[in-house]
Each structure stands twice: as structure tokens, then as C-alpha cells.
1. Does at least one position in segment 41-63 carry a residue that is among the acidic types (Asp, Glu), in contact with a helix residue (DSSP H, G or I) (Cβ under 6 Å, 6 or more places away or on another chain), surrounded by fewer than 17 Cβ atoms within 10 Å (Cβ to Cβ) and within 21 Å of Glu13 (Cα to Cα)?
2. Out of all the residues in segment 45-58, is one or more closer than 26 Å to Pro82 by Cα, of a type in the set (D, E, K, R) and more than 12 Å from the chain's Cα centre (by Cα)?
3. Within segment 66-93, how many residues turn out to be under 28 Å from Val137 (Cα atoms), buried (at least 16 other Cβ atoms within 10 Å of the Cβ) and out of contact with any strand residue (DSSP E or B) (no Cβ under 9 Å at 6 or more places or on another chain)?
4. Limited to segment 15-32, what total is found for residues that are within 16 Å of Asn68 (Cα to Cα), over 12 Å from the mean Cα position of the chain (by Cα) and open to solvent by less than 60 Å² (accessible area, probe 1.4 Å)?
Amino acid sequence: RNLKIVADVPIAECMGKDWALIALPGGMPGAEHLKNSAELQELLTAQRTADKLYAAVCASPAVALAPNGHLEGRTATCYPAPQFREVLKQSSDDVVVLDGNLITSQGPGTSLRFALKCVEALYGKEKCDELAGQLLVPLP
């Protein structure tokens, strides 16, 4: 899609810091790059083992999280293509899944619901509902 996103800081500057949430975008080949980033995987391991929030959308749950052990014992969702879904040991057809400190979602069309679930996990249901109303996003 030729979309270039530039980070505020290099990932090396993120190491050893405290994060309320680490969220991975989706898409290919970006999810492959996330999978192969040793620094990101170290951050995700620290986040997961500290029982802090981490999240991924689209291809990233299957491509960047699963192969690195970040979905072990967790139910997750991802982009509903067979090559991604078959990677998930415990998969759900829900558009957004919260399992413990892990949030996953299916893709571009579910990204607002994904973002709102992240808001709910960080700030509570009341703030999530308020923001959803302002955005005109119906929640189940």
C-alpha cells in the first residue's frame, strides 16, 4: 500500500521502560518484521510475564505473536484467512477478543472496536462507552 509510518523513537530507546500497553498493527509484510524484531519480542515477553497489556490486530496475532509463544494458553482472533487462522491453537470468530492481558482483533474493519477495547482495558468501561458514543461506534 506504500504507506510509510515513522516511529517517534527507535525501538532500542524503548527497551527497559515501563509500558501500559504494547499494541501491534497488522498487515503484511509488516507483521513479519514485527515477528523478526528481537527487541520487540523482548518487550512483549516482559509485558506478558508482568501481566501487562499487549495487543495485536489483523495478521500480527498469527504472524508476530504465535510463533514467539505469546499466545500460549490464550484464545485469540486474527485476520480470517486460513493461513493465519490455522496458526492459532485457540481461535475465536469474535471480532475482538480479550483474554487476560491480551487483546486481539481481526483487521482494518474491526480496528475501531480493537482500539476501544484497548481504551476499556486501560481506562474502564465508562470511558470506553463515552468515547464510542462520541465516535458513533455501536458496541455490542
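1. In the first step, residues of segment 41-63 are kept if they are among the acidic types (Asp, Glu); the result is 42, 51.
Retained after the next criterion (residues that are in contact with a helix residue (DSSP H, G or I) (Cβ under 6 Å, 6 or more places away or on another chain)): none.
Looking through segment 41-63, none of the residues is among the acidic types (Asp, Glu), in contact with a helix residue (DSSP H, G or I) (Cβ under 6 Å, 6 or more places away or on another chain), surrounded by fewer than 17 Cβ atoms within 10 Å (Cβ to Cβ) and within 21 Å of Glu13 (Cα to Cα).
2. First, pick out the residues of segment 45-58 that are closer than 26 Å to Pro82 by Cα: 54-58.
Those left that are additionally of a type in the set (D, E, K, R): none.
For segment 45-58, residues closer than 26 Å to Pro82 by Cα, of a type in the set (D, E, K, R) and more than 12 Å from the chain's Cα centre (by Cα): absent.
3. Of the residues in that region, 1 qualify.
4. The number of residues fulfilling the criteria is 1.
Table: residues versus (1) at pLDDT below 95; (2) on the phi > 0 side of the Ramachandran plot; (3) touching a His at 6+ places or on another chain (Cβ under 9 Å); (4) among the aromatic types (Phe, Trp, Tyr).
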site	(1), (2), (3), (4)
Gly16	yes, yes, no, no
Ala31	no, no, no, no
Leu44	no, no, yes, no
Arg48	no, no, yes, no
Ala56	no, no, yes, no
Pro61	no, no, yes, no
Leu65	no, no, no, no
Leu71	no, no, no, no
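Yes or no, residue by residue, for (1) touching a residue at least 40 places away in the same chain (Cβ under 8 Å); (2) under 28 Å from Ala81 (Cα atoms):
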site	(1), (2)
Leu3	no, yes
Ala7	no, no
Ile11	no, no
Ala20	yes, no
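The values are calculated or read from the model by the stated rules, or taken from the named source; none is laboratory data. Source: prediction; values computed, not measured. Reconstructed Cβ throughout: ideal geometry from the backbone, glycine too, with neighbour counts over all protein chains shown. Heads up: the accessible areas ignore ligands, DNA and RNA and are worked out on the full protein's heavy atoms, side chains in. Shrake-Rupley method; radii C 1.70, N 1.55, O 1.52, S 1.80 Å.
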